[in-house]
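The structure appears right after this line, and notes come after that.
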Amino acid sequence: MALPEGGAERALPQLDWRPMRPADIEAVVEVARLSFPDHFEDRACFQNRLALYPRGCFVLADGDAPAKGYLIAYPWRADSAPPLNTVIEGLPAEPALIYLHDLALHPQTRGGGATRAVVERLADQAAEDGWPAVALVAVNDAVDFWSRHGFAERETPGIAAKLASYGADARYMMRDLQDA
């Protein structure tokens, strides 16, 4: 039970990570809007990523209720990230790793440790599928958060230019799965 701002007890929903479905997109867009006001992406981007690689798309929800969080990942090239708010025509012909495009929680669900389960689920799934690593771009000063999940900053020639659309604090990070 939890006490909301009026003091009355209410049952918290049972939130679990499950595969994303097309019907989840509206709630995913809302979580993204609340989580990344400076890095917002259009509905078409979320629909695109789900269509390209549903295996890497998850939502945090109470059954079929609207999503309160999401994770989107897909095969991609190493030392690269697609520009923000772009629809990609397809996955690369020779991807090198799993790219964790986005992870966000509704403000009401933050702080409860829900992210660890889905990050580990993605890492385990990627390792089982033979991928050597998971990479991401940390924004909003999230380097420490991602470091706690096993990611390390990776600087390569030209990466700063590739991350320009992500903002000045953007950092490319990678989690090696081969030693996991």
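What the table below lists for this structure:
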| item | result |
| --- | --- |
| Derived scalar couplings ³J(HN,Hα) [segment 66-73; Karplus, 6.51 cos²θ - 1.76 cosθ + 1.60; whole Hz; x for Gly, Pro] | x, 4, 10, x, 7, 9, 10, 9 |
| Residue with peak Gaussian network fluctuation, the chain [Cα springs, cutoff 10 Å], from Leu100, Leu15, Leu71 | Leu15 |
| Surface accessible to a 1.4 Å probe, per residue, for the residues of the chain, Å² | 52 Å² |
| Mean separation of Cα contacts under 8 Å (6+ apart) over length of segment 3-116, as relative contact order % | 26 percent |
| Top positive-direction residue, dipole computed over segment 38-180 with Cβ charges, set Asn48, Pro82, Gly158 | Asn48 |
| Cβ charges +1 (Lys, Arg) and -1 (Asp, Glu), total dipole of the chain, debye | 100 debye |
| Most fluctuating residue given options Pro75, Pro19, Pro92, as computed from a GNM of the chain linking Cα atoms under 10 Å | Pro92 |
| Euclidean distance between Cα centres, segment 146-180 to segment 29-55, Å | 20 Å |
| Hz values of 3J(HN,Hα) by residue in segment 30-43 - Karplus curve (6.51, -1.76, 1.60), Gly and Pro given as x | 5, 4, 4, 4, 6, 8, 10, x, 8, 9, 5, 10, 5, 3 |
| Within a Gaussian network of the chain (alpha carbon springs, distance under 10 Å), most fluctuating of Ala161, Ala123, Ala32 | Ala161 |
| Cα gyration tensor shape of segment 44-180, rounded if a/c is under 1.5, else prolate or oblate by comparing a/b with b/c | rounded |
| Portion, in percent, of the accessible area of segment 81-180 that falls on carbon or sulfur, probe 1.4 Å | 48 percent |
| Rounded, prolate or oblate (a/c below 1.5 giving rounded, otherwise prolate when a/b exceeds b/c) for segment 59-125 by Cα gyration tensor | prolate |
| Ala160 versus Asp124: modelled label distance in nm, points set 7 Å from Cα along the beta carbon direction | 4.0 nm |
| Amide H partners (placed H, <5 Å) of Tyr99, local residues excluded | Tyr74, Trp76, Ala135 |
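The values are calculated or read from the model by the stated rules, or taken from the named source; none is laboratory data. Because the structure is predicted, anything quoted here is derived from the model rather than measured. FYI the Cβ positions are ideal-geometry reconstructions off the backbone, even for glycines, and counts take in every protein chain you see. For accessibility, only protein heavy atoms count, side chains too; no ligands or nucleic acids. Shrake-Rupley method; radii C 1.70, N 1.55, O 1.52, S 1.80 Å.
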